[in-house]
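Q: Take this structure first; my questions come after.
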Amino acid sequence: MHGRPSPTAAFAHVETWVFDLDNTLYPPAARLFDQIEARMTAYVMQSLGVPREEADRLRADYWRLYGTTLAGLMHEHGLDPVPYLEDVHDIALDHLVPDPALAQAIGALPGRRVVYTNGSAPYAARVLDARGLAGVFDAVFGVEHAGFRPKPERRAFETVFASAGIDAVRAAMFEDDPRNLAAPHAMGMRTVHVAPAPEPAPHIHHHTDDLAGFLARLR
């Protein structure tokens with residue numbers, strides 16, 4: 001948003017601020033997904049009895065086709081999601097450091113502040129704690145709260161928002177994956193793509209590579 005007018009007016013109606021977790025509330029340079037993807041591949045190898053190359057292909061293909069590797073494994077193989085989620089998220093968080101500026105910017109937002117991730121809620125809690133963000137959110141929702149349906153499925157958003165009492169037309173969504181902003185846009189949310197580089201699309205209202213700075217401009 002460098003060099004553009006302040007987006008404050010575009011968010012004046014927002015009562016609920018919904019944030020993705022991975023690569024949104026911490027920088028992609030932390031590379032947590034390198035660990036997660038390695039554990040996903042190992043889990044697929046063990047569960048399906050396939051070699052590493054095939055497991056790696058399935059992991060990537062299911063992510064592309066179903067939104068998450070887990071969704072593909074459930075649909076194609078009837079995989080139990082609970083032990084899978086516990087296993088693949090059992091990673092080190094050494095590369096994460098507290099971000100006081102981000103905590104302050106999120107904490108200053110008016111209304112409710114929630115996290116909604118395709119990961120599990122317990123994993124999200126660990127990440128938020130490592131980032132010094134645990135105290136600034138009112139609620140944390142994982143894929144389990146969507147009946148294990150993943151973003152970008154609209155039904156996943158609808159399930160979580162219904163249980164949380166979130167009015168989409170008075171909410172904003174912050175996401176690193178452009179695919180996961182299509183349904184929120186269609187539901188009437190203000191959408192923000194959080195990533196190093198923009199990917200212009202009709203369903204993306206704003207882009208930022210500095211979430212703390214972007215939020216600070218909304219005050």
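The values are calculated or read from the model by the stated rules, or taken from the named source; none is laboratory data. Note that this is a predicted model, so its numbers are computed, not measured. Positions of Cβ are generated from backbone atoms using ideal geometry, with glycine treated the same way; all protein chains shown enter the neighbour counts. Side chains included, ligands, DNA and RNA excluded: accessible areas come from the protein's heavy atoms. Shrake-Rupley method; radii C 1.70, N 1.55, O 1.52, S 1.80 Å.
Q: Which numbered condition in (1) surrounded by fewer than 20 Cβ atoms within 10 Å (Cβ to Cβ); (2) out of contact with any strand residue (DSSP E or B) (no Cβ under 9 Å at 6 or more places or on another chain); (3) modelled with pLDDT of 95 or more is the only one that residue 43 fails?
A: Status for residue 43: all satisfied but (1).
Q: With the range 147-208 as the region, which strands (runs of 3 or more DSSP E) entirely inside it contain at least 1 residues that are under 13 Å from residue 16 (Cα atoms)?
A: Once the strands (runs of 3 or more DSSP E) in the range 147-208 are filtered for at least 1 residues that are under 13 Å from residue 16 (Cα atoms), what remains is 171-175, 190-194.
Table: residues versus (1) polar (S, T, N, Q); (2) touching an Asp or Glu at 6+ places or on another chain (Cβ under 8 Å).
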site: 10; (1), (2): no, no
site: 14; (1), (2): no, no
site: 17; (1), (2): no, no
site: 33; (1), (2): no, yes
site: 53; (1), (2): no, no
site: 60; (1), (2): no, no
site: 68; (1), (2): yes, no
site: 83; (1), (2): no, no
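Q: Pairs under 7 Å by beta carbon, first residue modelled with pLDDT of 95 or more in the range 102-120, partner among the charged types (D, E, K, R) and open to solvent by 20 Å² or more (accessible area, probe 1.4 Å), six or more apart or different chains?
A: 106/113; 108/219; 111/15; 112/15; 112/138; 113/138; 114/138; 120/144
Q: Would you please name the residue that is nearest to the chain's Cα centre (by Cα), looking only at residues in the range 170-197 that are in contact (Cβ under 8 Å) with a residue 40 or more places away in the chain and open to solvent by 50 Å² or more (accessible area, probe 1.4 Å)?
A: This residue is 179.
Q: On the basis of being surrounded by fewer than 22 Cβ atoms within 10 Å (Cβ to Cβ) and either under 19 Å from residue 101 (Cβ atoms) or of a type outside the set (A, V, I, L, M) (or both), does residue 134 make the cut?
A: yes
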